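Comments concern the structure below.
The values are calculated or read from the model by the stated rules, or taken from the named source; none is laboratory data. Nothing here was measured: the structure is a model prediction, and the numbers come from that model. Counting neighbours? That spans all protein chains shown, and the Cβs are built from the backbone with ideal geometry, glycine included. All accessible areas refer to the heavy atoms of the entire protein, side chains included, with ligands and DNA or RNA removed. Shrake-Rupley method; radii C 1.70, N 1.55, O 1.52, S 1.80 Å.
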Amino acid sequence: MALTKAGIVEAIAEQNSYTSKRSVEIVETLLELIKSALESGEDVLISGFGRFCINEKKERLGRNPATGETMMLTPRKVVTFRCSRMLRDKING
């Protein structure tokens, strides 16, 4: 089962004796800071956790899997995540 935003809010409230409303404000503020940094093209580095990066995809030739029709895919930006060595080591034991 995935950790959801509601789960994060609940955990913050329980572990820090905050109200649910305060925990929601904290999580929403954190996510807004991350989103605005990514929107402006900045990387987001969270020490001991990982880095969110913006990568630019070039225009390329693609195919519609349903029809087999060839089409040009427009250039776009995507967000990628690279976990830190510390997190990777923790996951792998």
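The table below gives the values:
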read-out: Yes/no for Met72 being more than 18 Å from the chain's Cα centre (by Cα), of a type outside the set (S, T, N, Q), modelled with pLDDT under 95 and open to solvent by 70 Å² or more (accessible area, probe 1.4 Å); value: yes
read-out: Selected residue (criterion: nearest to Ala37 (Cα to Cα)) from residues of region 53-87 that are touching a Gly at 6+ places or on another chain (Cβ under 9 Å) and free of Cβ contacts under 8 Å to residues at least 24 places away in the same chain; value: Lys77
read-out: Flag if Glu32 is assigned to a strand (DSSP E or B) and open to solvent by 90 Å² or more (accessible area, probe 1.4 Å); value: no
read-out: Within region 1-29, considering residues that are of a type outside the set (S, T, N, Q) and open to solvent by less than 60 Å² (accessible area, probe 1.4 Å), the one nearest to Cys53 (Cα to Cα); value: Val27
